[in-house]
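Take a look at the structure below.
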Amino acid sequence: MTKITPQPGIMDISLYQGGAAHVDGVENVIKLSSNENPLGPSPKAAEAVRNSASEIHRYPSTDHAKLRAAIGEAMGLDPERIICGVGSDEIITFLCQAYAGPGDEVVHTEHGFAMYRISALAAGATPVEVGERDRVTDVDALLAGCTDRTKLVFIANPNNPTGTMIGASEVARLADGLPPQALLVLDGAYAEFVDGFDGGASIVSARDNVVMTRTFSKLYGLGGLRVGWGYGPRDIIDVLNRVRGPFNLSGTALAAAEAAIRDTEYVEHCRAQNARWRTWLAEALAELGVPSDTSCANFILARFASRAEAEACDDYLKSQGLIVRRVAGYNLPNALRITVGNEIACRRVAAAVAAFK
Ligand code: PMP
């Protein structure tokens, strides 16, 4: 046994279970466990990937100026206040590295995204979990969970895996009620699925204690290329850039993301398809006695009568080639998180749940 030991906190991190895309011995598998875009990326992004092949001997841009300009244009934001990362996971990591260390607390919600805890522990800080109200982010609980050691407060809005979200006035109340040393992080990984929602950008713009993170992995269909970004006060973006490796994003990833965000027609199409089939799937499952909260994202959290029923349904779906996500690790043992697939996928899920019942 080695005498070389990791930093305190590291062994408290559970190994992350990545989503498999196959089931042994089953054909025609559809993966609905990682909230990917069932329609794939914009054809223009795929073309940009092919075109980037001639440049892969070169190191990529270090300042991501072209992608930041494209994001700024698409979202109406100042590119100088944007940072790009290897998925929004990396922005979360940067935030914890730069702002939280031993003795500091990082607050997140009961069913908050796993990376908040992982990154807090990896930075040597202490994650603090606060309760929700019926699977909805509870601002009072978050404020009550803050102390003079709180450095970061993470909420995802819409939240994963619940699919619920809170309104702008609640987010503003949270930002304005935090202790002065605490930074609020608005994780907008699913913001694009909410019509007309800016992910909290206007709340960020008006304050010096709020950062927003976003991703190309969901609506833009580029999960495999790992591109995310953050928007915040200039001084905070400057700090995050200091912990960012100079070549964190590949040239291929940068080119694809730029093409994806410029293809607004395709983005609109994907958003509309998701909304349509999300409603269809939620209603179909509700009719089968499997309710879910109104989802604002690209998945639904299907609730079963018991953990045993949820697990049996998951096993049955798997036998039918449908991979969904168990969320017992998020303290939701009676539920399954199901990504909204395309029409064929949604119809197959509804038929399989009906057969299971
Ligand atoms: N935040 C939330 C709430 C998520 O669900 C995810 C992906 N599952 C991420 C951040 C990270 O996404 P990525 O690193 O692919 O940008």
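The values are calculated or read from the model by the stated rules, or taken from the named source; none is laboratory data. Fair warning: this is a prediction, and the values are worked out from it, not measured in the lab. Positions of Cβ are backbone-derived with ideal geometry, glycine not excepted, and every protein chain shown enters the neighbour counts.
One table, with the values for the structure above:
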{"quantity": "Positions within region 62-96 being basic (Lys, Arg) and over 19 Å from Ser202 (Cα atoms), in sequence order", "calculated": "Lys66"}
{"quantity": "Gly72 vs. criteria at pLDDT 95 or above, over 30 Å from Thr264 (Cβ atoms) and more than 14 Å from the ligand (Cβ to nearest atom)", "calculated": "no"}
{"quantity": "Subset of region 96-114 that is within 12 Å of the ligand (Cβ to nearest atom) and surrounded by 24 or more Cβ atoms within 10 Å (Cβ to Cβ) - its residue that is nearest to Leu254 (Cα to Cα)", "calculated": "Gly112"}
{"quantity": "Matching residues, region 36-76, being under 24 Å from Tyr190 (Cα atoms), in contact with a Gly (Cβ under 9 Å, 6 or more places away or on another chain) and surrounded by fewer than 13 Cβ atoms within 10 Å (Cβ to Cβ)", "calculated": "none"}
{"quantity": "Selected residue (criterion: nearest to the ligand (Cβ to nearest atom)) from residues of region 203-237 that are aromatic (Phe, Trp, Tyr) and in contact with a strand residue (DSSP E or B) (Cβ under 6 Å, 6 or more places away or on another chain)", "calculated": "Trp229"}
{"quantity": "Scope region 190-218; condition assigned to a loop (DSSP other than H, G, I, E, B) and either crowded, with 24+ Cβ neighbours inside 10 Å or touching a Pro at 6+ places or on another chain (Cβ under 6 Å) (or both); matching residues", "calculated": "Tyr190, Gly200, Asp208, Phe216, Lys218"}
{"quantity": "Residue that is in contact (Cβ under 8 Å) with a residue 24 or more places away in the chain, over 21 Å from Ala156 (Cβ atoms) and surrounded by fewer than 20 Cβ atoms within 10 Å (Cβ to Cβ), where the choices are Pro233, Pro246", "calculated": "Pro246"}
{"quantity": "Those helices (runs of 4 or more DSSP H) lying entirely in region 228-310 with at least 2 residues within 15 Å of Glu192 (Cα to Cα) and modelled with pLDDT of 95 or more", "calculated": "251-262, 264-287"}
{"quantity": "Test: residue in region 31-42 that is within 16 Å of the ligand (Cβ to nearest atom) and basic (Lys, Arg)", "calculated": "yes"}
